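Step one of this worksheet: look at the structure below.
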Amino acid sequence: MTRVGIGYDVHRLVRGRPLILGGVRIDHDLGLEGHSDADVLSHAIADALLGAAGLPDIGNLFPNTDPSIEGISSQEILRVVAGRVREAGFEIVNIDSTLVAERPRITPHLDAMRAALSRSLDLPGPRIGIKATTNEAMGFIGRGEGIAALAVAGVGAA
Ligand code: MG
């Protein structure tokens, strides 16, 4: 049996925070705001994986009211999530994802992101898709107020 899951996340861009996307720190004048490192791409992927396995979502697993996980790396979140998915009896087949950001340019960082996600998920890089697009200058993303990410994951019975 093959199952799929979907994930979506959005975080606000603010001054004074590092910008971390797909486990890669990107040089930029703004960063994403959040309880963790606010890695929006990794969060969307985590929710897609949890959804595919029929598990509770990332907010359940890592509540943003829990002071013990303040500033947690989202790569640690992904390691835990991949472990939960495998413990539930599934193997991860593939992930596909899209980052929606007006700035900065994402494309130069895609290979590094895939490598980081591959390590965190213990999943071969060719099974991880990452795409990037802008919002054509429209809406909150177009105004540079935030970055969004969408992801799907496929899992199969191990
Ligand atoms: Mg998030």
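The values are calculated or read from the model by the stated rules, or taken from the named source; none is laboratory data. Values in this document were obtained by computation on a predicted structure and should not be read as measured data. In this analysis, Cβ positions are derived from the backbone assuming ideal geometry, glycine residues included, and neighbour counts consider all displayed protein chains. Side chains included, ligands, DNA and RNA excluded: accessible areas come from the protein's heavy atoms. Shrake-Rupley method; radii C 1.70, N 1.55, O 1.52, S 1.80 Å.
Per-structure values
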| read-out | value |
| --- | --- |
| Matching entry among Val4, Val14, Val24, Val10 (being of a type in the set (Val, Ile, Thr), more than 23 Å from Ser118 (Cβ to Cβ) and touching a helix residue (DSSP H, G or I) at 6+ places or on another chain (Cβ under 8 Å)) | Val10 |
| Count of the stretch 118-137 residues which are closer than 24 Å to Asp29 by Cα and among the aliphatic types (A, V, I, L, M) | 3 |
| Matching residues, the stretch 82-115, being open to solvent by less than 10 Å² (accessible area, probe 1.4 Å) and of a type in the set (Gly, Ala, Ser) | Ala82, Ser97, Ala101 |
| Where Arg79 falls short, out of the listed (1) open to solvent by 50 Å² or more (accessible area, probe 1.4 Å); (2) more than 14 Å from the chain's Cα centre (by Cα) | (2) |
| Single residue of the stretch 1-27 satisfying the filter (crowded, with 17+ Cβ neighbours inside 10 Å and touching a Pro at 6+ places or on another chain (Cβ under 8 Å)) that is farthest from Thr65 (Cα to Cα) | Ile26 |
| Selected residue (criterion: nearest to the ligand (Cβ to nearest atom)) from residues of the stretch 1-12 that are hydrophobic (A, V, I, L, M, F, W, C) and within 14 Å of Ala149 (Cβ to Cβ) | Val10 |
| Total residues in the stretch 122-158, condition within 27 Å of Arg79 (Cα to Cα) and either touching a residue at least 60 places away in the same chain (Cβ under 8 Å) or open to solvent by 60 Å² or more (accessible area, probe 1.4 Å) (or both) | 20 |
| Strands (runs of 3 or more DSSP E) lying entirely in the stretch 13-128 (those with 2 or more residues that are more than 16 Å from the ligand (Cβ to nearest atom)) | 24-26, 90-100 |
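One line per residue, one yes/no per condition, for (1) among the aliphatic types (A, V, I, L, M); (2) farther than 18 Å from Ala48 by Cα:
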position	(1), (2)
Ala112	yes, yes
Pro124	no, no
Thr133	no, yes
Glu136	no, yes
Ile141	yes, yes
Glu145	no, yes
Ala153	yes, no
Ala157	yes, no
